[in-house]
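Written out below as structure tokens is the structure these notes cover.
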Amino acid sequence: MSALNETHDPALRSWVASSNDAAGDFPIQNLPYGRFRRAGSSEPWRIGVAIGDQVLDLRAAQAQPGWPTPLQAPLAALAAGDLNRVMGSDKATRVALRGALSAALREGSAQAASLAACLLPQADIELAVPCHIGDYTDFYTGIHHATTVGKLFRPDNPLLPNYRWVPIGYHGRGSSIVVSGTPIRRPVGQLKGADDRPLLMPTRRLDHELELGFLIGPGNSLGEPIGIADAENHLFGVTLLNDWSARDIQAWEYQPLGPFLSKNFASSISPWVVTMEALAPFRSPFVRPEGDPAPLPYLDSAANRAAGALDIQLEVWLHTPAMRRAGQPAVRLSQGSVREAAYWTAAQLVAHHTINGCNLQAGDLLGSGTLSGPRPGEAGSLLELTLGGKQPVALPGGETREFLQDGDMITLRGWCERPGVRRIGFGICSGTVLPAAAAN
Ligand code: CA
């Protein structure tokens, strides 16, 4: 688990003035990585660090003096747009990079004068998926989501008996993960019709799923599990993740092997990767409700019990075309806390994923599963908010929604705040629904 050090000092201020705004997502205590270039340009993609409303361009910054010699190689990789190489480096290197970036950006830094010319306004850049994502695995750690969805299908037996023992997951698809801002084409698929004869048509039950994405740092060799004690060292950072889902396609296809085309048409991630080091002040004990079984030993450790959970606040916002036409702001659909929603920790997901010898690689993405809280209004999907479409959500202006309509924009937000600690945020993860492709 990442230790607290001087980079987390809430009193630290940066010479980048906008980052000292107490309400901002990207103060000097955060320092998330993203892959970017100037908007509309054909410049090479490179890695930058978000600081206030600016980005520190590491392609330009790397050429400036003042960086510690041992960090020249990782900085060169970042300058070349290769985050995976840094993700796969050892913990000491990742901690040293954060330390050097923090030192360079803080008030009084000798590097301030030369690095000031390496800043770009975030308003002037475009962002890509931050790293090469080789494989995507989607878990199901939201116990309130699993219970509510289970109730819709099995009112008498909502939570299957394996849930409290196995971090349930399935293999998703890496190639269709897109960065925030990418439009989402309404998928076409088989929908159950009368007499079990399906129809091929656009989904009528398009939904969002509020998730976190855990990006893997150093991988493991095939056949060599990652123990729970070492699992945190194999986590690089966290993004917001919207695992778009077509509920009607899902209902028809998911038995017996699980979801397929209802999920893999697109998943959106936020562009800025908040590192595990940045999240160090926002750890919480991992606790099970009274009476629930303790995890098997390979999923249990004193460190995981003491601080395995993440204390992150999440929100989902909806902006419909009618709201935009009327000049109305987006409406918040739900809010909640990861600490309350997740039944398994990120370290447990890593340990479980590799217990059979499966090899993870730097840049692999693990989805948390939909993070719904225990109370109404904390559901991370429309499936739950509308009880399977039976109770439409009322929106300002008289509109209602059972599921998403064309033109709807979903935006996820996330942040961490605690007394005595500097607030940090994840930025946003948004996507707008496009009409289905014309049939040919
Ligand atoms: Ca999911």
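The values are calculated or read from the model by the stated rules, or taken from the named source; none is laboratory data. For clarity, every value in this text was computed on a predicted model and none was experimentally measured. Methodologically, a virtual Cβ is constructed for each residue, glycine included, from the backbone with ideal geometry; neighbour enumeration extends over all protein chains shown. The protein model used for the area step is the full one, side chains on, heavy atoms only, and it has no ligands, DNA or RNA in it. Shrake-Rupley method; radii C 1.70, N 1.55, O 1.52, S 1.80 Å.
Couple of notes before you dig in:
- Annotation note: Cβ proximity below 7 Å between a residue of the range 1-27 that is more than 22 Å from GLY308 (Cα to Cα) and a residue that is surrounded by fewer than 19 Cβ atoms within 10 Å (Cβ to Cβ) and among the acidic types (Asp, Glu) (sequence gap 6+ or interchain) occurs for ARG13/GLU107; SER14/GLU107; TRP15/GLU107; SER18/ASP53.
- Being within 18 Å of GLY373 (Cα to Cα) and open to solvent by less than 50 Å² (accessible area, probe 1.4 Å) is a description that applies to THR148.
- For the range 353-367, the count of residues that are more than 23 Å from ILE177 (Cβ to Cβ) and either buried (at least 21 other Cβ atoms within 10 Å of the Cβ) or not small (Gly, Ala, Ser) (or both) is at least one.
- Pick from the range 211-238, criterion of a type in the set (Val, Ile, Thr) and touching a Leu at 6+ places or on another chain (Cβ under 7 Å), ranking: nearest to the ligand (Cβ to nearest atom): VAL238
For every residue, the table says whether it meets (1) in a helix (DSSP H, G or I); (2) at pLDDT 95 or above; (3) within 16 Å of the ligand (Cβ to nearest atom); (4) more than 30 Å from ARG339 (Cα to Cα).
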| site | (1), (2), (3), (4) |
| --- | --- |
| ALA60 | yes, yes, no, yes |
| VAL86 | yes, yes, no, no |
| ALA92 | yes, yes, no, no |
| ALA96 | yes, yes, no, no |
| ALA103 | yes, yes, no, yes |
| ILE133 | no, yes, yes, no |
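- Boolean, GLN54 is touching a His at 6+ places or on another chain (Cβ under 8 Å) and either more than 17 Å from LEU97 (Cβ to Cβ) or surrounded by 15 or more Cβ atoms within 10 Å (Cβ to Cβ) (or both): no
- ARG324 falls short on exactly one of the conditions (1) buried (at least 23 other Cβ atoms within 10 Å of the Cβ); (2) away from the ligand (no atom under 16 Å from the Cβ), and that condition is (1).
- The lone criterion from (1) in contact (Cβ under 8 Å) with a residue 12 or more places away in the chain; (2) under 30 Å from ALA92 (Cβ atoms) left unmet by LEU296 is number (2).
- Qualifying residue in the range 191-202 (condition: within 14 Å of the ligand (Cβ to nearest atom) and more than 18 Å from GLY388 (Cβ to Cβ)): no
- Subset of the range 382-399 [part of a loop (DSSP other than H, G, I, E, B) and open to solvent by less than 60 Å² (accessible area, probe 1.4 Å)]: THR386, GLY388, GLY389, LEU395, GLU399
- Only listed residue being in contact with a Pro (Cβ under 9 Å, 6 or more places away or on another chain) and either buried (at least 18 other Cβ atoms within 10 Å of the Cβ) or within 20 Å of ARG13 (Cβ to Cβ) (or both), chosen from SER109, SER102, SER114: SER114
- Picking from residues in the range 1-11 that are open to solvent by 30 Å² or more (accessible area, probe 1.4 Å) and in a loop (DSSP other than H, G, I, E, B), the one that is farthest from PRO285 (Cα to Cα) is ALA11.
- Of the residues making up the range 348-388, those that are over 21 Å from VAL287 (Cβ atoms), within 16 Å of the ligand (Cβ to nearest atom) and of a type in the set (A, V, I, L, M, F, W, C) are LEU365, LEU366, ALA379, LEU382, LEU383, LEU385.
- Count - residues of the range 295-321 that are loosely packed, with under 11 Cβ neighbours inside 10 Å and among the hydrophobic types (A, V, I, L, M, F, W, C): 1
- Some residue of the range 41-51 being touching a Ser or Thr at 6+ places or on another chain (Cβ under 6 Å) and open to solvent by less than 10 Å² (accessible area, probe 1.4 Å): yes
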